[in-house]
Amino acid sequence: MYRKELYVFDRDRPVPAVIRSYEERDFPGLIRIQQESFPPPFPSELWWNREQLSNHVAMFPEGALCIEVDGEIAGSMTGLRVDFDPDHPDHTWEEVTDHGYIRNHNPSGNTLYVVDIGVRPAYRKLGLGKWLMSSMYEVVVHSGLERLLGGGRMPGYHKQAAEMTAEQYLNAVVKGELKDPVITFLLRCGRTPLKVVENYLDDEESCHYGTLMEWKNPFFNPRSGQGE
């Protein structure tokens, strides 16, 4: 089980926080995070339900993290292990996460795949998403995995879709010519883009595209197949 105590900052004021593995008692708070983080037009049927959350806790508790601020649950991040082949990268979110139920979790997989990350809007000025991401990097290193991987939404793309392809939009974000709420955040967290995937997620704002973004374990030893 994971637990880390730290301070986050509301401007210059330190605020106590805890990042830890989430449990059944947290399920109502986790569902509220989804509802507040992904309002319409994001499909409400993609918000967590109790069966999905139960699977996360039972099948891969190391990949089920939440963050509390002053005792209030404010954000969460969930992952599973998969065996990723960079030569065949294309997939959809539903395929790789089993529609969020993670029954396809592979305890021997080489990659920690991000199922979801969300922070309640009232807490976003505290940098909680970056703290959750760095904590999941620690899980990758501790588990000796090759990488962290996930498909980033591109919610700003619908505003540019008439003028550019999804690949052109990603390149503009990477060059700093455009800013995307999700892709720019992932770049700030140290993730790097692999490729754009069509029909990755039912998401009108992203025109159903997603960008595969990875973080490679700097301690991974390809000769031994695990972290040193």
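Any read-out appearing in this document is the output of simple, stated calculations on the displayed coordinates, not a laboratory observation. Remember, it's a predicted structure, so these values are computed and weren't measured experimentally. Using ideal geometry, Cβ is built from the backbone for each residue, glycine included, and neighbour counts are taken over all protein chains shown.
General remarks:
- Rounded to whole Hz, the Karplus (6.51, -1.76, 1.60) HN-Hα couplings of the stretch 126-136, x for glycine and proline: 8, x, 5, x, 5, 5, 4, 4, 5, 5, 5
- Charge tally in the Cβ shell below 15 Å around Ile67, where Lys, Arg are +1 and Asp, Glu are -1, Ile67 excluded: -2
- Distance between the C-alpha centres of the stretch 171-228 and the stretch 1-18: 26 Å, rounded to the whole angstrom.
- Overall, the ratio between the Cα radius of gyration of the stretch 3-227 and 2.2 N^0.38 Å, rounded to two decimals, is 0.98.
- Across the stretch 1-150, Cα pairs under 8 Å and at least six residues apart give a relative contact order of 24 percent.
- Each of Ile67, Ile73 has some number of other Cβ atoms within 10 Å of its Cβ, and from fewest to most they run Ile73, Ile67.
- Amide hydrogen neighbours beyond the local backbone of Tyr2, cut-off 5 Å, H modeled: Ser21
- By the beta-carbon count within 10 Å of each Cβ, the least crowded to most crowded order of Ser44, Ser134, Ser76, fewest first, is Ser44, Ser134, Ser76.
- Solvent-free Debye scattering, log10 I(q)/I(0), computed from the Cα coordinates of the stretch 143-228 at q = 0.18, 0.23, 0.26 Å⁻¹: -0.72, -1.01, -1.22
- For the stretch 170-216, GluC sites (Glu not before Pro) are listed when DSSP marks them as loop and at most 11 other Cβ atoms sit within 10 Å of their Cβ; the list is Glu177, Glu198.
- Pairwise label distance in nanometres, Glu138 with Arg124, each label 7 Å out on the Cα-Cβ vector: 2.5 nm
- Here the chain is assigned +1 on the Cβ of each Lys and Arg and -1 on the Cβ of each Asp and Glu. Its dipole about the Cα centre then comes out at about 840 debye.
- Label-point separation in nm, Glu51 to Arg223, each point 7 Å along Cα→Cβ: 4.8 nm
- Remark on Arg147: its backbone amide H falls under 5 Å from those of Leu112, Asn217, a criterion applied only to residues 5 or more positions apart or on other chains, H modelled at 1.01 Å from N.
- Phi-based couplings in Hz for the stretch 113-120 (Karplus 6.51, -1.76, 1.60; Gly and Pro marked x): 9, 7, 7, 6, 9, x, 10, 4
- Count Lys and Arg as plus one, Asp and Glu as minus one, and take only other residues whose Cβ is under 15 Å from that of Val173; the net charge is then +2.
- Sorted ascending by nearby beta carbons within 10 Å, beginning with the fewest, Thr78, Thr111, Thr165 become Thr165, Thr111, Thr78.
- Phi-based couplings in Hz for the stretch 65-82 (Karplus 6.51, -1.76, 1.60; Gly and Pro marked x): 10, 9, 10, 9, 10, 6, x, 9, 5, 10, x, 8, 8, 10, x, 9, 9, 9
- 26 Å Cα-Cα threshold exceeded, pairs from Lys4/Lys216; Lys4/Lys175; Lys130/Lys195; Lys175/Lys216: Lys4/Lys175
- Translational diffusion coefficient of the stretch 27-144 (Stokes-Einstein, Kirkwood radius from Cα pairs, 25 °C, 0.890 mPa s): 166 µm²/s.
- Full extension of the chain segment joining Leu6 with Ala161 gains 51.7 nm, where the gain is 0.36 nm per residue of separation less the Cα-Cα distance.
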